[in-house]
1. In nm, to one decimal, how far is the modelled label at residue 12 from the one at residue 40, with both set 7 Å along Cα→Cβ?
2. Give me the percent of the accessible area of the chain that comes from carbon and sulfur atoms, probe 1.4 Å, all protein chains in place.
3. Just from the alpha-carbon atoms, what are the Rg and Dmax of the chain in angstroms?
4. Which of the aspartates and glutamates could a cross-linker span from residue 39 if the Cα-Cα distance has to be under 18 Å and same-chain partners fewer than 8 positions apart are dropped?
5. Compute the distance in nm between two label points, each set 7 Å from the Cα along the Cα-to-Cβ direction, one at residue 4 and one at residue 20.
6. If you count only protein heavy atoms with a 1.4 Å probe, what accessible area per residue comes out for the chain, rounded to a whole Å²?
7. Between helix 2-63 and the chain, what is the angle of the helix's C-alpha long axis to the longest principal axis, kept within 0 to 90° and rounded to the nearest 10?
Amino acid sequence: MLENQQLYIQIAQGFGLAFSLASLLRSIKKVKRSVYLLKLTLNLLALLNVLGQIKLLNELLLSGEQI
């Protein structure tokens, strides 16, 4: 009886470990997705900044002012 009880405890611990590992992997996946979206956002902001600078430079050139 005690041997079976020990076996059941080990099985329960194994299931607990498996569920914890699955939860950890889901969390890692969410973090990776968040980092990807952050990088994408930063790249888009940098692109908008460059486009704004190009627009200003174009306006200066069209106005004939010295740069």
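1. 4.4 nm
2. Roughly 68 percent, rounded to a whole number.
3. Over the chain's Cα set, Rg and Dmax evaluate to 28.6, 95 Å.
4. Excluding near neighbours in sequence, the set is empty.
5. A separation of 2.8 nm, rounded to one decimal place.
6. Values: 6530 Å² over 67 residues.
Heavy-atom accessible area per residue stands at 98 Å².
7. That works out to roughly 0 degrees.
The values are calculated or read from the model by the stated rules, or taken from the named source; none is laboratory data. If you're wondering where the values come from, they're calculated on a predicted model, not measured in any experiment. Every residue, glycine as well, gets a Cβ built from its backbone with ideal geometry; the counts of neighbours run over all protein chains shown. Side chains included, ligands, DNA and RNA excluded: accessible areas come from the protein's heavy atoms. Shrake-Rupley method; radii C 1.70, N 1.55, O 1.52, S 1.80 Å.
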